[in-house]
Amino acid sequence: MNNNQISLAKETKKLLKKYDLILNHNLGQNFLIDDAKRNQIIDFGNINSNDTILEIGPGIGTLTLKMAKKAKKVICIEKDKKVLNILNKRIEDNSIDNIEIINDDALKVDFPRFDKVISNLPYQISSPITFKLLNYPFKFGVLMYQKEFAYRMLSNVGERNYSRLSAMLHFKVDIELLTKVPAECFMPKPKIDSAVVKLTPNNKIKDKELFKNYEKVCKALFQHKNKKAENSIINSRHELGYTDKKELKTDIKNLNSENLDKLLEKRVISLSPEEILEITKLLSDIL
């Protein structure tokens, strides 16, 4: 450990002891204790005095208090009341007046307007919270995920980690890996490493109905990603609103599309997001 890490680790231990806080592993409470990584994450956010920052899962304020010094406002959403009490006390002790706290479930509450989102996300809600964020307009996000999850986000066609997540995010955001964060940078030490990524909305599909159908097709396909696309869709027909296998086969055949037939012959893992979108458009009449 370097001196910075020791100082932040000591500060964190002191706070946990002072407030008799026992961390809840089920809530993904692993606090960052590497000051260099903390500064790096905040620097990636390029925060200025006009920015309203959204932070999901601020914990005891490891990022929050430093971001508040740079931003116009920081909006924190924290579910755990005991952790929130510590954060409130730290805000009071430091005489900070530009932090707004929402004590609620980030998956259920509506987000206020924000410019950027910078968070060490609770890992157990990584996927749903990411897609929820993408329903809101913002400049970019700097978000920490479990390393494996981040790699799935970044994975390309044909790669082992290529998944529904990769295909769906393709038309929503541009993704950049910013830095890896070893498990040793947290307390308590988690079993796996983390990674910080930058998400910049690209909004390539503006038609909401089309994206909804694309989501259905992705769900159906990636449940069997090593099979041919047609078999995957037939086997996961419930995602497309079908119960009868023969009915779906007949409806696909009746579309009489040579291009669709060719695409459905390919293995799911080899289909690009653009090809999956084309399948979605060709299936639109029966979705």
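Every number here is computed from the coordinates shown, using simple stated rules; none is lab data. These numbers were taken from a predicted model, which means no experiment stands behind them. All Cβ positions, even for glycine, are placed from backbone atoms using ideal geometry, and neighbour counts span all protein chains on display.
Electrostatic bookkeeping for N48 treats Lys and Arg as +1 and Asp and Glu as -1; over the other residues with beta carbon under 13 Å from its beta carbon, the sum is +3.
Return the percentage of antiparallel bridges among DSSP beta bridges fully within the chain, rounded to the nearest 5 %. Don't skip to the answer; put the middle values down first.
On the way: 17 of 33 bridges.
Counting DSSP beta bridges with both partners in the chain, the antiparallel share is about 50 percent.
For region 31-50, backbone nitrogen atoms closer than 11 Å to the point 7 Å from K139 Cα along Cα-to-C-beta are found at 45-50.
Karplus-based coupling profile of region 277-287, in residue order and whole Hz: 5, 5, 4, 4, 5, 6, 8, 3, 5, 10, 7, with θ = phi - 60° in 6.51 cos²θ - 1.76 cosθ + 1.60 and x standing for Gly or Pro. At full extension, K108 and I286 could sit 60.9 nm farther apart than now, given 0.36 nm per residue minus the alpha carbon distance. Segment E258..S272, full-extension length gain: 3.2 nm, with 0.36 nm per residue of separation and the alpha-carbon distance subtracted. Under the criterion of Cα pairs below 8 Å and six or more residues apart, the relative contact order for the chain equals 14 percent.
Loop-only GluC sites (Glu not before Pro) in region 144-243, please: DSSP not H, G, I, E or B, and at most 13 other Cβ atoms within 10 Å.
Values: sites: E148, E159, E176, E184, E209, E215, E230, E239; in loops: E159.
Answer in residue order: E159.
In this structure, the amide hydrogen of F31, modeled 1.01 Å from its nitrogen in the peptide plane, lies closer than 5 angstrom to those of M187, counting only residues at least 5 positions away or on a different chain. For V181, the residues whose modelled amide H falls within less than 5 Å of its own, excluding neighbours fewer than 5 places apart on the same chain, are S194, A195, V196. Projected label points at S7 and D93, each 7 Å from Cα along the beta carbon direction, are separated by 1.6 nanometres. Listed by chain and number, the aspartates and glutamates placed with their C-alpha closer than 16 angstrom to that of K14 are D34, D35, D93; residues fewer than eight positions away on the same chain are left out.
Provide L282, L221 in ascending order of the number of other Cβ atoms located within 10 Å of each residue's Cβ, fewest first. Mind dumping the intermediate values first?
Details: L282 18, L221 26.
Ranking L282, L221 by Cβ neighbours within 10 Å, fewest first, gives L282, L221.
Between R160 and I192, how high is the FRET efficiency from 1/(1 + (r/R0)^6) when r is the Cβ-Cβ distance and R₀ = 22 Å? Nearest 0.05. According to the calculation, E is roughly 0.85.
The length gained by stretching the chain between D174 and K228 to full extension, at 0.36 nm per residue less their Cα-Cα distance, is 16.7 nm. Pairs exceeding 19 Å between alpha-carbon atoms, taken from K172/K198; K17/K191; K81/K189; K249/K281; K139/K172: K17/K191; K81/K189.
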